[in-house]
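Accompanying notes for the structure given below.
The values are calculated or read from the model by the stated rules, or taken from the named source; none is laboratory data. The model shown is predicted, which means the values in this text are computed figures rather than measured ones. Glycine also receives a Cβ, built like all others from the backbone with ideal geometry; neighbour counts cover every protein chain displayed. Heavy atoms of the whole protein, side chains included, go into the accessibility calculation; ligands, DNA and RNA do not. Shrake-Rupley method; radii C 1.70, N 1.55, O 1.52, S 1.80 Å.
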Amino acid sequence: MNSSGPWTRAAAAAGLLVGGQARPTVFAQMSAKAAAHDALNLGQGYPDDDPPALVAEAAIDAIRRGRNQYPPGAGEAELREAVAEHQAGWYGLRWDPATEVLVTTGATEALAATILALVEPGDEVITLEPFYDQYAALIALAGGVHRTVPITSRPGSATGTGSAADDGDLVLDVDRDALRAAFSERTRLVLVNTPHNPTGLMLWVEALQAIVEEAVRHDALIVTDEVYEHLTFGPAHLPPATLPGAQDRTISISSAGKTFAVTGWKIGWITARPELITAITGVKQWLTYASGAPFQPAVAAGLRMDPTVFHDLAADLRARRDLLTDGLRRIGFRVSVPEAGYFTVADAGPLGESDARALAERLPEEAGVVAIPLSAFYRGGEAGDASSHLRLAFCKSRATIEQALERLESWAAPRR
């Protein structure tokens, strides 16, 4: 039986097609190793935290009140209104909840529906590199051509951006000229992931303005992945849609999973002009149609919480970021100090480990800790100067982080 089809393009683009068979993602592989070796899993980005009590109780209440059947395909009006209020209150962006907000099954479906709706075979889609692995798979599934702009790293000094950076830490950046050069007459979309996964880098106004100017010049659309928007550790998130000339051509995507520590609820949303929402709905309605009936009013309640709650969530996560990065630095890794998100990048080169992929395979057994090689977020696994870099998650309990650092210290001691 011939089982070939577009799935092979997606699997190959994500580096998961071997001998005609799709192998598990690096996250599934590393999580299996964590279970096999009773290792602490700092690889996959799911938090140890419970959601805010108000959010959890709202979901329980919705279930008890019978809100368990299909919601409207576009999402419950209550949630669409809360998303519009959130965008206006936090960023000054005005969206019509009836025609310019679409609820999705997480940001994952939002990205899938958007790319499949708007990218024709041969169209070019630009992302940063490293990139979240779903991007490459979806671009290939749509028949698009993936163009990338590298995130560069170099040793440097503290930047003064509210980070806990030390001299010698990795400094990450994106060259604005490289951003501009990535555009061509074939560019259909530029997928802007800020705050960035896997690095925690945030794009600031100069880089974002370069993207907007080139998108206007080439009549391209801007698609944003902003799921870490509230988990920032210095300056606040700057949505690309807020820049002059951007809102009308921007499809903004976010979700509740990271902000409220409910990654299993899979409630996301899109804000965009009506014609773009219509196009995306034309694909989304054939994927899940609707999702998470009792979770939608709970997320609406969460979005309407006092801003101090969001700030407190970010402050708590920042403390765990500092715990992990300070500990890794003392052990002998060279680290980047992320400006946002769940993850830090750690260079194992100073410990004599030049191949992070091989190291990640060994660490669960040797150290009892799971990490992800940064090369998993590069096309073909070719990370170049970042080949010795690991991604580690700090969205875990302090106890888990402390125990992981103790294990890594024992592992690293003979290597120093």
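Got a number for residues in the range 286-300 being open to solvent by 30 Å² or more (accessible area, probe 1.4 Å) and over 23 Å from the mean Cα position of the chain (by Cα)?
First, pick out the residues of the range 286-300 that are open to solvent by 30 Å² or more (accessible area, probe 1.4 Å): 286-289, 295.
Those left that are additionally over 23 Å from the mean Cα position of the chain (by Cα): 286, 289.
Result for the range 286-300: 2.
For the range 303-322: of the residues being more than 27 Å from LEU408 (Cβ to Cβ) and under 20 Å from the mean Cα position of the chain (by Cα), which is surrounded by the fewest Cβ atoms within 10 Å (Cβ to Cβ)? Let's see the steps before the verdict.
Initially, the range 303-322 is screened for residues more than 27 Å from LEU408 (Cβ to Cβ), giving 303-312.
Remaining after also requiring under 20 Å from the mean Cα position of the chain (by Cα): 303, 310-311.
Numbers: LEU303: 25, PHE310: 20, HIS311: 13.
It comes out as HIS311.
Of all the helices (runs of 4 or more DSSP H) wholly in the range 1-112, which have at least 3 residues that are closer than 29 Å to LEU276 by Cα? It would help to see each step written out before you state the result.
Values: elements: 6-13, 26-37, 53-64, 77-91.
Those helices (runs of 4 or more DSSP H) span 6-13, 77-91.
ALA256 - would you say it is touching a helix residue (DSSP H, G or I) at 6+ places or on another chain (Cβ under 6 Å) and under 20 Å from PHE343 (Cβ atoms)? Even if it seems obvious, please write down each step before you answer.
On the way: touching a helix residue (DSSP H, G or I) at 6+ places or on another chain (Cβ under 6 Å): yes; under 20 Å from PHE343 (Cβ atoms): yes.
Yes.
Limited to the range 138-159, what total is found for residues that are surrounded by fewer than 16 Cβ atoms within 10 Å (Cβ to Cβ) and at pLDDT 95 or above?
1
Which of the residues spanning the range 323-342 are under 20 Å from the mean Cα position of the chain (by Cα) and more than 30 Å from GLU85 (Cβ to Cβ)? Give the derivation first.
Applying the first criterion (under 20 Å from the mean Cα position of the chain (by Cα)) to the range 323-342 yields 324-325, 335-342.
Listed by number, the residues that qualify are LEU324, THR325, VAL335, SER336, VAL337.
Name the residues in the range 378-391 that are of a type in the set (A, V, I, L, M, F, W, C) and either farther than 18 Å from ARG334 by Cβ or assigned to a loop (DSSP other than H, G, I, E, B) (or both), would you?
Residue satisfying the conditions is ALA383 alone.
Just one of the numbered conditions (1) in contact with a Lys or Arg (Cβ under 6 Å, 6 or more places away or on another chain); (2) more than 23 Å from GLU109 (Cα to Cα); (3) in a loop (DSSP other than H, G, I, E, B); (4) of a type outside the set (Val, Ile, Thr) is not true of ALA210; which one?
(3)
Give the residues of the range 120-130 that are in a loop (DSSP other than H, G, I, E, B) and open to solvent by 10 Å² or more (accessible area, probe 1.4 Å), sorted by residue number. So that I can check it myself, show each step before the final result.
Taking the range 120-130 as the starting set, the residues that turn out to be in a loop (DSSP other than H, G, I, E, B) are 120-123, 130.
The answer is GLU120, PRO121, GLY122, ASP123.
I want to confirm something. Restricting to the range 225-251 and keeping residues that are over 25 Å from VAL337 (Cβ atoms) and touching a residue at least 60 places away in the same chain (Cβ under 8 Å), which single residue is surrounded by the most Cβ atoms within 10 Å (Cβ to Cβ)? Walk me through how you get there before you give the answer.
Looking only at the range 225-251, we keep the residues that are over 25 Å from VAL337 (Cβ atoms), and these are 241-251.
Keeping just the survivors that are touching a residue at least 60 places away in the same chain (Cβ under 8 Å) gives 241-242, 247, 251.
Numbers: ALA241: 24, THR242: 17, GLN247: 20, ILE251: 26.
So, considering only residues that are over 25 Å from VAL337 (Cβ atoms) and touching a residue at least 60 places away in the same chain (Cβ under 8 Å), the one surrounded by the most Cβ atoms within 10 Å (Cβ to Cβ) is ILE251.
Taking VAL283 as meeting all but one of (1) open to solvent by 20 Å² or more (accessible area, probe 1.4 Å); (2) more than 20 Å from ALA84 (Cβ to Cβ); (3) in contact (Cβ under 8 Å) with a residue 60 or more places away in the chain; (4) part of a loop (DSSP other than H, G, I, E, B), write down the number of the exception.
The number of the failed condition is (4).
Can you report the number of residues in the range 327-357 which are among the acidic types (Asp, Glu), touching a helix residue (DSSP H, G or I) at 6+ places or on another chain (Cβ under 9 Å) and either open to solvent by less than 20 Å² (accessible area, probe 1.4 Å) or under 19 Å from PHE233 (Cα atoms) (or both)? Explain how you work it out, then say what you get.
Within the range 327-357, the first condition is being among the acidic types (Asp, Glu), and the residues that meet it are 339, 347, 353, 355.
If we keep only those that are touching a helix residue (DSSP H, G or I) at 6+ places or on another chain (Cβ under 9 Å) too, we end up with 347, 353, 355.
Next, only the ones that are either open to solvent by less than 20 Å² (accessible area, probe 1.4 Å) or under 19 Å from PHE233 (Cα atoms) (or both) stay: 347.
The number of residues fulfilling the criteria is 1.
Being surrounded by fewer than 20 Cβ atoms within 10 Å (Cβ to Cβ) and modelled with pLDDT under 95, is that true of even one residue in the range 52-62?
Looking through the range 52-62, none of the residues is surrounded by fewer than 20 Cβ atoms within 10 Å (Cβ to Cβ) and modelled with pLDDT under 95.
Which residues, counting only those in the range 39-51, are polar (S, T, N, Q) and open to solvent by 60 Å² or more (accessible area, probe 1.4 Å)? Walk me through how you get there before you give the answer.
Within the range 39-51, the first condition is being polar (S, T, N, Q), and the residues that meet it are 41, 44.
Across the range 39-51, the qualifying residue is only GLN44.
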